[in-house]
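Below is one structure, written out as structure tokens; the observations come after it.
The values are calculated or read from the model by the stated rules, or taken from the named source; none is laboratory data. What you are looking at is a predicted structure, and each value in this text was computed from that prediction instead of being measured. Positions of Cβ are generated from backbone atoms using ideal geometry, with glycine treated the same way; all protein chains shown enter the neighbour counts.
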Amino acid sequence: MFPSIRRALIGALVAALSLSLSAIEAANAYPDQPIKIIVTFPPGGSADIVIRALQPLLSETLRQPIVIENRAGAGGNIGIAAVAQAAPDGYTLGVAAAGVLTVNPHLNRAAMSFDPVKDLAPVTLLAEIPFVLVSSPQSAIASVADLIAKAKAQPQGLSIGHGGNGTAMHLTSALFNQKAGVGVQLIAYRGTAPATTDVLAGHVPLAVLDIPASKQLIGDGKLKALGVSAAKRVAFLPDVPTLAEQGLSGFESVGWFGIVAPAGTPPEIISTLNAAFVKALSDPAAIEKIRVLGAEPAPTSPEAFAKFIQSESAKWGKLIAEAGIKSE
């Protein structure tokens with residue numbers, strides 16, 4: 001080997017080793033400055049409340065200020081795009097919901113400036129929020145069996161309201177139709193509030209709502225709960241059976257959100273962040289604040305969260321294709 005080539009190779013190896021050592025030292029020193037968490041929802045929403053409940057606990061564990069920035073819009077695409085484009089150093093994280101990670105890519109991939117799989121590193125799932133299928137007080141439908149029988153015999157006039165095109169509540173409604181083998185009309189509203197108002201007034205006989213918006217109305221007898229969308233009964237509505245219990249085998253649909261970092265963030269930093277979030281999510285006071293929202297803490301390892309995202313994307317992508325769901 002020519003001496004000049006040998007010297008060049010040795011120089012390249014020394015440079016690579018120096019970079020590796022620098023990366024290890026940086027990871028070992030992490031964190032040494034404030035950490036920003038971008039929330040892709042406006043202040044006051046479930047995800048915002050959860051992350052603010054965890055904020056002081058994370059700051060205590062990581063020994064750095066936790067700065068929360070609300071950056072809503074475009075179904076979460078704006079905020080998570082900022083995370084994907086940030087330096088992979090553990091100082092910019094994002095709260096990503098099911099929609100932006102597993103639904104938007106199948107509905108409107110062209111509108112996304114990032115790839116949820118290639119451009120993001122999962123840290124942990126934070127919480128899950130089940131949904132409930134309700135009927136209006138004016139409706140004679142008192143059970144899932146009633147609904148399916150009527151939908152098969154006389155579907156005219158039956159409809160299910162939900163919180164908007166492409167939302168988890170929309171997909172839950174579409175999954176109901178698929179599992180039950182019926183074709184109940186699905187009506188999109190601009191959010192949960194107007195869907196709740198219309199089912200209360202009897203303008204729409206049925207709706208899929210999130211539990212925070214409906215549990216008090218169900219408790220007061222103003223709405224009839226037909227079934228919850230989770231795999232198991234939920235603590236907030238213990239007497240309401242799951243849809244799976246009522247003949248819709250394998251039915252499971254929940255809203256969820258978790259923490260992601262930019263792709264390329266060192267594994268040591270991801271591990272440090274994961275440990276801090278898992279610890280915070282085990283705090284009794286934080287658990288209580290989360291459960292008041294109708295949500296359930298659901299911490300995972302980074303690997304488990306990655307697999308969960310993959311399975312959810314495959315599940316909803318298949319349903320979107322089969323049901324012919326389109327973006328607005």
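Structure data summary
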read-out: Given (1) of a type outside the set (Phe, Trp, Tyr); (2) closer than 24 Å to ILE320 by Cα; (3) in contact with a helix residue (DSSP H, G or I) (Cβ under 9 Å, 6 or more places away or on another chain), index of the condition LEU217 fails; value: (2)
read-out: Residue check for LYS307: farther than 19 Å from ASP210 by Cα and not in a loop (DSSP other than H, G, I, E, B); value: yes
read-out: The stretch 52-79 - residue that is touching a Lys or Arg at 6+ places or on another chain (Cβ under 7 Å) and not in a helix (DSSP H, G or I) and, of those, surrounded by the most Cβ atoms within 10 Å (Cβ to Cβ); value: ILE68
read-out: Total residues in the stretch 273-300, condition of a type in the set (Ser, Thr, Tyr) and surrounded by fewer than 19 Cβ atoms within 10 Å (Cβ to Cβ); value: 1
read-out: Selection within the stretch 190-225 - of a type in the set (Asp, Glu) and either more than 19 Å from the chain's Cα centre (by Cα) or in a helix (DSSP H, G or I) (or both); value: ASP198, ASP220
read-out: Residue, surrounded by the most Cβ atoms within 10 Å (Cβ to Cβ), within the stretch 183-202, restricted to residues that are free of Cβ contacts under 8 Å to residues at least 24 places away in the same chain and of a type outside the set (Ser, Thr, Tyr); value: PRO194
read-out: For LEU21: the one exception among (1) at pLDDT 95 or above; (2) more than 23 Å from GLY166 (Cα to Cα); value: (1)
read-out: Selection from the stretch 228-267 of residues that are among the aromatic types (Phe, Trp, Tyr) and crowded, with 22+ Cβ neighbours inside 10 Å; value: PHE251, TRP256, PHE257
read-out: Selected residue (only one of LEU248, LEU237, LEU186 is more than 20 Å from the chain's Cα centre (by Cα), of a type outside the set (D, E, K, R), farther than 30 Å from GLU69 by Cβ and part of a strand (DSSP E or B)); value: LEU186
